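Structure first, commentary second.
The values are calculated or read from the model by the stated rules, or taken from the named source; none is laboratory data. Not measured: the values here are computed from a predicted model. In this analysis, Cβ positions are derived from the backbone assuming ideal geometry, glycine residues included, and neighbour counts consider all displayed protein chains. Heavy atoms of the whole protein, side chains included, go into the accessibility calculation; ligands, DNA and RNA do not. Shrake-Rupley method; radii C 1.70, N 1.55, O 1.52, S 1.80 Å.
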Amino acid sequence: MARIETPKAIRGTQSMIGEEADRFHHVVSTFDKVRRLYGFGRIEVPVFESTAVFARSLGETTDVVSKEMYSFEDRGGDSLTLRPEFTAGIARAYLTEGWQQYAPLKVATHVPLFRYERPQKGRFRQFHQLDAEVIGAGEPAADVELLCFADQLLRELGVSNGVTLKLNTLGDATSRDNWRAALIEHFESHRADLSEDSVARLAKNPLRILDSKDARDRPAADTAPKMVLSSEAEDFFAKVCAGLEAAGVDYELAPHLVRGLDYYRHTAFEFVTDRLGAQGTVLGGGRYDGLIETLGGPHTPAVGWAAGIERLGMMLIDVPFRKAPLIAVIADNPDLSAKADAVAKQLREKDVAAFRSYKNKSKQQAEAARKVHADGFLFVRDKNNANGEVYLAHTGYSTFTSDELWAAVSKINAEGYDLRRENLGPNVAGHTQA
């Protein structure tokens, strides 16, 4: 019989298990907690849209549209695209689902996105992002609130050390149009020195040349004219900066931080770190007051940000994120398995995470508990055992103290068990006793 070949995983995709999956979920659950604190409602939007939604919003000349989108024709002959980013689909829903009635609309979501990119550290072809948007608010206070939301998220995750908020203004429409014309004139005078990609972008998307990584473009990009802000744009940015300072959110001005598409206005920002190699941006966004008009809607101010869940998860590798201990309940002998199951059930009913192995021997149960990184061992013995009917021991490697473990398991004292603990000081890791 011919050997059946197992299908391979698709390049650029990932399957998660164990701590990696736990880190992923921790990022999502922390985001869900913080977005509730800021009054952002949860939304769901389709995983695919009409290709025109992204082609119009992202621009036909961008790499995402021209090279990276997963587009296909369905059986009805319509061109559809797996979403490569959030904002366009949310803007489409805002227009077609009647969400204008809720403006200013504060929404958040987290879902998979798809781009045909070269896979590398922290970057996949199916990847996941967090997203937060305020649609229908043109005041600087909306930008400040979103940035405070992002800052608190990073602090709640415990990854804010070494992360810097880079902040810039792209001006209002008048400032940006004048700057765009000046950039085209400047880069035209250096056309012969530019890379092929930058020459192609010159007429339609000259701002993209400013953040080019090609060494041939840097001399022209570094000497490019700076934007001259209108008084209205200056006032808007000053209010954003003042709001951040009042809220205690640190930032650095980054005049070269740009967004290439014309519908971006005013605030642009990125939270960056040097802990992820070349892919140093962990969260980024800005104000996109002109986007909804590109989809046929009325002028609608909006601002938002997105953050890669995988990248945030990578930053959690050295950060203890388990908020409560995991207790392994171990039966001293096979006859006590049912009793151990009952103890585990009672712990869970008290909101204490409990692990039970399917093995019969206590040594095998302890080995299984170590594999799942249990924080404490709770040995279940005969009722008249001299060492205690239910006995707590510290694993010796947990980040939780023995007092913290005792506080968790002592919740079952009311069930009538003779509950005892290892004789340790409050901050000393113990050794497993069988």
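How about region 75-94: which of its residues are of a type in the set (S, T, N, Q), open to solvent by 10 Å² or more (accessible area, probe 1.4 Å) and either touching a His at 6+ places or on another chain (Cβ under 8 Å) or in a strand (DSSP E or B) (or both)?
If the condition is that a residue be of a type in the set (S, T, N, Q), open to solvent by 10 Å² or more (accessible area, probe 1.4 Å) and either touching a His at 6+ places or on another chain (Cβ under 8 Å) or in a strand (DSSP E or B) (or both), then SER79 is the only one that fits.
Residues that are touching a residue at least 24 places away in the same chain (Cβ under 8 Å), of a type in the set (A, V, I, L, M, F, W, C), open to solvent by less than 20 Å² (accessible area, probe 1.4 Å) and within 30 Å of LEU95 (Cα to Cα): does region 276-285 have at least one?
The answer is yes, given that some residue of region 276-285 is touching a residue at least 24 places away in the same chain (Cβ under 8 Å), of a type in the set (A, V, I, L, M, F, W, C), open to solvent by less than 20 Å² (accessible area, probe 1.4 Å) and within 30 Å of LEU95 (Cα to Cα).
Could you please give the count of residues in region 204-227 that are in contact with a Ser or Thr (Cβ under 9 Å, 6 or more places away or on another chain) and open to solvent by 10 Å² or more (accessible area, probe 1.4 Å)?
Residues meeting the conditions: 8.
Could you give every pair whose Cβ atoms fall below 8 Å, whose first residue belongs to region 157-175 and is at pLDDT 90 or above and β-branched (Val, Ile, Thr), and whose second residue is part of a helix (DSSP H, G or I) and crowded, with 18+ Cβ neighbours inside 10 Å, counting only separations of at least 6 or pairs across chains?
Hits for this filter: VAL159/LEU312; VAL159/MET315; VAL163/LEU154; THR169/ALA233; THR169/PHE236; THR169/PHE237; THR169/VAL240.
List the residue pairs whose Cβ atoms are under 9 Å apart, where the first residue sits in region 383-406 and is free of Cβ contacts under 8 Å to residues at least 24 places away in the same chain and within 18 Å of ALA324 (Cβ to Cβ), the second is among the acidic types (Asp, Glu) and open to solvent by less than 10 Å² (accessible area, probe 1.4 Å), and the two are 6 or more positions apart or on different chains.
Going by the 9 Å Cβ cut-off, there are no qualifying pairs.
Can you tell me which residue is nearest to THR13 (Cα to Cα) among those in region 102-137 that are open to solvent by 40 Å² or more (accessible area, probe 1.4 Å) and assigned to a loop (DSSP other than H, G, I, E, B)?
Applying the filter and picking the extreme gives PHE124.
With a cut-off of at least 1 residues that are within 30 Å of THR96 (Cβ to Cβ) and not polar (S, T, N, Q), name the strands (runs of 3 or more DSSP E) lying wholly within region 298-384.
Those strands (runs of 3 or more DSSP E) span 302-308.
When residues of region 221-252 are filtered for being touching a residue at least 40 places away in the same chain (Cβ under 8 Å), more than 13 Å from LEU170 (Cβ to Cβ) and hydrophobic (A, V, I, L, M, F, W, C), how many remain?
Of the residues in region 221-252, 5 are touching a residue at least 40 places away in the same chain (Cβ under 8 Å), more than 13 Å from LEU170 (Cβ to Cβ) and hydrophobic (A, V, I, L, M, F, W, C).
Among (1) at positive phi; (2) more than 24 Å from the chain's Cα centre (by Cα), there is one condition ALA220 misses while meeting the rest; what is its number?
Only one criterion is unmet by ALA220, namely (1).
Looking at region 156-183, which of the residues that are surrounded by 15 or more Cβ atoms within 10 Å (Cβ to Cβ) and β-branched (Val, Ile, Thr) is nearest to VAL228 (Cα to Cα)?
THR169
Out of (1) closer than 30 Å to ASP318 by Cα; (2) more than 31 Å from the chain's Cα centre (by Cα), what's the single condition that is false for LYS361?
Unmet condition: (1).
Test GLU97 against the stated conditions and say whether it is among the charged types (D, E, K, R), within 27 Å of HIS299 (Cα to Cα) and surrounded by fewer than 16 Cβ atoms within 10 Å (Cβ to Cβ).
It is true that GLU97 is among the charged types (D, E, K, R), within 27 Å of HIS299 (Cα to Cα) and surrounded by fewer than 16 Cβ atoms within 10 Å (Cβ to Cβ).
Which of the residues that make up region 234-258 are under 24 Å from ILE292 (Cβ atoms), open to solvent by 40 Å² or more (accessible area, probe 1.4 Å) and in contact with a helix residue (DSSP H, G or I) (Cβ under 8 Å, 6 or more places away or on another chain)?
Answer for region 234-258, where residues must be under 24 Å from ILE292 (Cβ atoms), open to solvent by 40 Å² or more (accessible area, probe 1.4 Å) and in contact with a helix residue (DSSP H, G or I) (Cβ under 8 Å, 6 or more places away or on another chain): just LYS239.
Has region 51-74 got any residue that is crowded, with 19+ Cβ neighbours inside 10 Å and either within 30 Å of ALA374 (Cα to Cα) or in contact with a Phe, Trp or Tyr (Cβ under 6 Å, 6 or more places away or on another chain) (or both)?
No: zero hits.
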